[in-house]
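First comes the structure, then the notes that go with it.
Values quoted throughout were computed directly from the atomic coordinates according to the rules given, and no laboratory measurement underlies them. Remember, it's a predicted structure, so these values are computed and weren't measured experimentally. As a convention, Cβ positions derive from the backbone with ideal geometry for all residues, glycine included, and neighbour counts pool all protein chains shown.
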Amino acid sequence: MFEAGYDYSQVTINKYHPDAQVIQEIIFRFKTESDVDYIVRVHEYPRKVYALKFHLRAHKNLSTKYNLVLNHRFTSVNPSRVIRTVINITLDILAKNELASFAFVGVYKLKQERIKVNRNSEENQDTELTQRFRTYKRITEYFLGTQTFKHTFQAKSNAYLIVNKRHANYERMNDEIISMFTNMFQDLVELR
């Protein structure tokens, strides 16, 4: 179904204050066969929840770095290999922490014709299910399964939570994680 991912390396771990919402940020980097650099940021939250997000290294200073999509028709980058690399990082985290749970938010793509006009306008966001959300859902169900993980998603906010069923009371934990993210990100209010 998916080609092999790219080789990646861990660049750094940023530890945060014990009272912070994010416990630590683990940063990975990989390069495609056409020398396109990607950064994968993994935020670890309480309850062993890891949120993964990625972007082009060239976009690292842009506030819209997670909204931009490389036009793969004009490069030799293989999008399925990029996604597979992120999944491989997810699987490596799970191998190191068998109680890990995961979160993805499929942010909206900016409409190219509006980027130069107003980067922060809500008009720039497509309100339908994002392609990334549908991709995360399909891929995580395939690679992580539904026997070991409870998959919870909310289409309106494109939030996708994968709670590890190895926890003694994973249903309660699922609700606690939803509550935690709801408090942090108001767009997740309707996650259920």
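Fully extending the segment from A20 to D92, taken as 0.36 nm per residue of separation minus the present Cα-Cα distance, adds 23.5 nm. When peptides 93-99, 160-166 are ranked by their average number of other Cβ atoms within 10 Å per residue, the highest-first order is 160-166, 93-99.
When the listed pairs K60/K150; K15/K137; K31/K150; K31/K65; K53/K96; K48/K137 are checked against a 27 Å cut-off, the alpha-carbon distance exceeds it for K60/K150; K15/K137; K31/K150. With a Förster radius of 30 Å applied to the C-beta separation of A58 and Q147, the computed FRET efficiency comes to 0.15.
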